[in-house]
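The values are calculated or read from the model by the stated rules, or taken from the named source; none is laboratory data. Small disclaimer: the values here were computed from a predicted structure and weren't measured. Please note: Cβ atoms are built from the backbone with ideal geometry, for glycine as well, and neighbour counts cover all protein chains shown.
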């Protein structure tokens, strides 16, 4: 082999070593056993609109897997539902009513956060909502496509969350949400919803969403799904009870929403 060929061979070997991942070298920071453990696919279930003794409340409380009960403040069964969920070992969230781009004002419920409020009014309302829901460890938005896209208001809400040690689940009612950006800036744990089970109330639609949920749970490491008590409540609870075993048998694990926060 002449000198030129030898030099080219050495260069090729050096480049291969440089770009190849060190697959056979165990990291000193990570036990070998941990490397061999397969990733667990996780599903976090959130049920919105507790607090007003809505249809499906009892059926949802009977679900056999971890879920978060998102309880609206200032309603007739707010405290009962929050205490109930906590007693059976489920996570409690404050389901904060926030102004949408479209929708009837009466859908929001009492104590809603709207874009016409002053900074101090926003702060007072979010604190009052949090204090009205016992055992809450985080918040999520009820409606809120207008508010979650408003940086001024969300900065106030997330600042209060940080002060009180709460996380925020972004229900993702708009693709213009600023929650993720501001939460990262302020150091507030957050995550975003992946899908709604019952954005259309018919049983056929909810059944189709259940199929979608199964596909998501099988194809991605983390899936967050939101359902509701109320008009779709009994359909949603029935279909969830039918779907949960299939998801588990396929290897996914239902976990508390807190495990999804980053």
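Before moving on, here are some points about what is shown:
- In the range 55-73, residue surrounded by the most Cβ atoms within 10 Å (Cβ to Cβ) [restricted to those that are touching a helix residue (DSSP H, G or I) at 6+ places or on another chain (Cβ under 6 Å) and farther than 20 Å from residue 253 by Cα]: 71
- Looking across the range 126-162, the residues that are part of a helix (DSSP H, G or I), crowded, with 21+ Cβ neighbours inside 10 Å and within 18 Å of the chain's Cα centre (by Cα) come down to 154, 157, 158, 161.
- Selection status of residue 181, under 17 Å from the mean Cα position of the chain (by Cα) and either free of Cβ contacts under 8 Å to residues at least 40 places away in the same chain or not in a strand (DSSP E or B) (or both): yes
- When residues of the range 36-53 are limited to those that are in contact with a strand residue (DSSP E or B) (Cβ under 8 Å, 6 or more places away or on another chain) and not in a strand (DSSP E or B), the one surrounded by the most Cβ atoms within 10 Å (Cβ to Cβ): 51
- Condition met for residue 93 (within 22 Å of the chain's Cα centre (by Cα) and under 24 Å from residue 152 (Cα atoms)): yes
- Among the residues of the range 61-88, the one identified as part of a helix (DSSP H, G or I), without any contact (Cβ under 8 Å) to a residue 40 or more places away in the chain and touching a strand residue (DSSP E or B) at 6+ places or on another chain (Cβ under 6 Å) is 81.
- Conditions (1) touching a helix residue (DSSP H, G or I) at 6+ places or on another chain (Cβ under 8 Å); (2) under 26 Å from residue 58 (Cα atoms); (3) surrounded by 18 or more Cβ atoms within 10 Å (Cβ to Cβ): number failed by residue 122: (2)
- Condition met for residue 58 (outside any strand (DSSP E or B), modelled with pLDDT of 95 or more and either within 24 Å of residue 245 (Cβ to Cβ) or over 16 Å from the mean Cα position of the chain (by Cα) (or both)): yes
- Identity of the residue in the range 217-233, assigned to a helix (DSSP H, G or I) and touching a residue at least 40 places away in the same chain (Cβ under 8 Å), that ends up surrounded by the fewest Cβ atoms within 10 Å (Cβ to Cβ): 218
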